[in-house]
1. What FRET efficiency would be calculated for the residue pair GLN11, GLU101, taking the C-beta separation as r and a Förster radius of 22 Å, to the nearest 0.05?
2. Sequence gap at least 6, Cα distance under 8 Å: using those rules, report the relative contact order of the chain to the nearest whole percent.
3. Return one whole number: the accessible area per residue of the chain in Å², for a 1.4 Å probe.
4. Probe radius 1.4 Å, ligands and nucleic acids ignored: give me the carbon and sulfur share of the accessible area of the chain as a rounded percent.
5. Just tell me which lysines come within less than 29 Å, Cα to Cα, of LYS129; anything on the same chain fewer than 8 places away is out.
6. Points 7 angstrom from Cα along the Cβ direction at ARG69 and CYS203: gap in nanometres?
7. Note down the net charge around LEU178, summing +1 for each Lys or Arg and -1 for each Asp or Glu among other residues with Cβ under 9 Å from its Cβ.
8. Please find the FRET efficiency linking ALA215 to ARG166, where r is the Cβ-Cβ separation and R0 is fixed at 25 Å, and quote it to the nearest 0.05.
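The values are calculated or read from the model by the stated rules, or taken from the named source; none is laboratory data. Worth saying up front: this structure is predicted, and the values here are computed from it rather than measured. Cβ sites come from the backbone with ideal geometry, for glycine too, and all protein chains shown count toward neighbours. Ligands, DNA and RNA are excluded from the accessible area calculation, which covers all protein heavy atoms including side chains. Shrake-Rupley method; radii C 1.70, N 1.55, O 1.52, S 1.80 Å.
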Amino acid sequence: GDPRFHLQVLQGLLDAGDPASAELYLEHLRDARGADGWRDGGWILVEHGHPDRALEVADSMARRFGEGRETRFLRAGALEKMGRVDEAVSVFTALAEQYPEDAIVLNFLGYTLVERGIDARAALPLLQKAVRLQPDNGAAWDSLGWAHFALRNAKDAYLALKKASRLEPLDATILEHLADAEAALGMVEQSALHYRQAMALDCERTGAILSKLAALR
């Protein structure tokens, strides 16, 4: 069947705390789609709270398919989520050197440098290049805006994050980042609106966003 259906079921099972059943869908994806199935299943594990298992998938991919771009990229993503940031940055950096025109790799490396508080200044040119390569990539514009915000370039942050929100209007993280930039610029009403929208899309961020809303008053 449609692999998107299996990815949705896999995601739902992981979110419901049923990894044993999720493993059946992982096996189906691997059998039906080969390397693509291993990759897609691995990233679902990264994004839904099982980066340790995703790291095992990356190691299995390496044994089966070799140490290609997808295997190394998945490994770096899993390592970052596990808090093994130095290792993740090392893998992302090597990938960026090998694939200097790969906007997705540049974005992941740049965002990791910013979000983990490592070096926002070094991230900036990586992210500027990522948006030049993929001007319709909302995640890359978000990362660029977040780098500017970390560097206290509030106006540049706002412009990049506004672009990101137009490309990805239902992304809670982007909306929260945009609201942060608007708050820094004194745009209280717009900031409050975007904080509320972000909270509606991601209830797990309710407490943190309510604190930001309270600070606006």
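1. With a Förster radius of 22 Å, E is 0.15.
2. Relative contact order, the chain: 9 percent.
3. 51
4. Solvent-exposed carbon and sulfur of the chain make up 51 percent of the total.
5. The reachable lysines, counting only those whose Cα sits under 29 Å from LYS129, are LYS81, LYS155, LYS162, LYS163.
6. Between ARG69 and CYS203, the simple spin-label model gives 4.0 nm.
7. Cβ neighbours under 9 Å give a net charge of -3.
8. Calculated transfer efficiency: 0.45.
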